[in-house]
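**Student:** Quick one: this structure, given as structure tokens, is what I'll be asking you about.
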Amino acid sequence: MDIRKYLSFVRLGHKAVETDSQVKKDLGMHLLYDGTRKEKGQSLEQAREDSQPCLEPVDIIAVHGLGGGALSTWRHPESNTIWLQTLLPVTMPISRIMSYGYDATISASQNSLHVMDIAENLLIEIQRQRSSETLQSRRVIFIGHSMGGIIIKKALIIASIYGEYQSLLRLTNGVMFMGTPHNGAKAADLAYKIINIANLVTTLNKQQLKMLKTGSESLRDISRAFGQLSELRIVTVFESNKTYIPWTQKYILIVPQDSARLNLGDRETVFSIAGADHHGICKFREDDMQYSKIEFGIKTLATAPTYCAYWWVTRT
């Protein structure tokens, strides 16, 4: 058996293998839509009849997961629609929408970044995109797919500790987690075993995958610290279908519902995307009726009180 043939498995199902040039192109913050520069009403004219646009001036920041990319994670495989760039601006016409890219490959052994490093770089990129006084006052919504959600959690934990980022935390309305393995993923357990075998014939970077294993101490520490940010509004999206794993020729739930949920009661909105596996929950075409759930979730976050409101009340 040629183990290299099956290394696509450790990407947790992503079909496209990113080249070095693609990875470099993906890195950093991508501004996909800027409602502050559009003519008033331009996106409103595109609104669907069954949809009422939300006129909240927010910055929406998306972070992809392991094996994903700043654009590829959100691109529908058949229509090539990147819903962050086409559908979401209609929902949120005066928002700014960004997608953050980092090196999420496993086969690139030169990648030595830990979640802490990626989260810190994310915060720096956000500050760079919010450099003016006007932009710094805009409220923030995060969207994270799979490990992207873990990175967002870590970034907000860092923001709660260091003064230069605390204003960002206070202006954060909430987070949409899409298939985020808060308690780990069984698929990561199996992938880690395969990588250990693969390391006999090639050098692979496995530290990010190790962190995603079920019962990971790192995940527990991040979840415990994130739990102290007690008033952020959360939207949880989980997969309804199993994902095909090529190496095993089986279908498994990458992130079961009990790992995807934070169990936060009234401040957590939870739903699944019908007919979607782990990768399909973050990809939508123009006529996809399931997008209405995402639209509802984003509006819920956009109209929620900011962390700043709770921060002020609890300290006065």
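Quick note: the coordinates plus some simple rules give every number you see, no bench work behind them. If you're wondering where the values come from, they're calculated on a predicted model, not measured in any experiment. With ideal geometry, Cβ positions are generated from the backbone for all residues, glycine too; neighbour counts draw on all protein chains shown.
**Student:** With an 8 Å cut-off on Cα pairs and a minimum separation of 6 or more residues, tell me the relative contact order of the range 224-271 in percent.
**Tutor:** This gives 45 percent for the range 224-271.
**Student:** State which entries of LYS25/LYS250; LYS154/LYS293; LYS153/LYS299 exceed 23 angstrom in Cα-Cα distance in the structure shown.
**Tutor:** LYS25/LYS250; LYS154/LYS293
**Student:** Going by amide H atoms built from the backbone, whose H comes under 5 Å of the H on ILE60, apart from near neighbours?
**Tutor:** Long-range HN contacts for ILE60: ARG96, ILE97, MET98, ILE141.
**Student:** Another question, if that's okay. Could you order the peptides 166-177, 134-145 from most to least packed, using the average number of other C-beta atoms within 10 Å per residue?
**Tutor:** Ranking, from highest mean packing down: 166-177, 134-145.
**Student:** Still on this structure, I have one more. Find, among the trypsin sites (Lys or Arg not before Pro) in the range 234-279, those assigned to loop by DSSP (not H, G, I, E, B) with at most 16 other beta-carbon atoms within 10 angstrom.
**Tutor:** Passing both the DSSP loop test and the Cβ count: LYS242.
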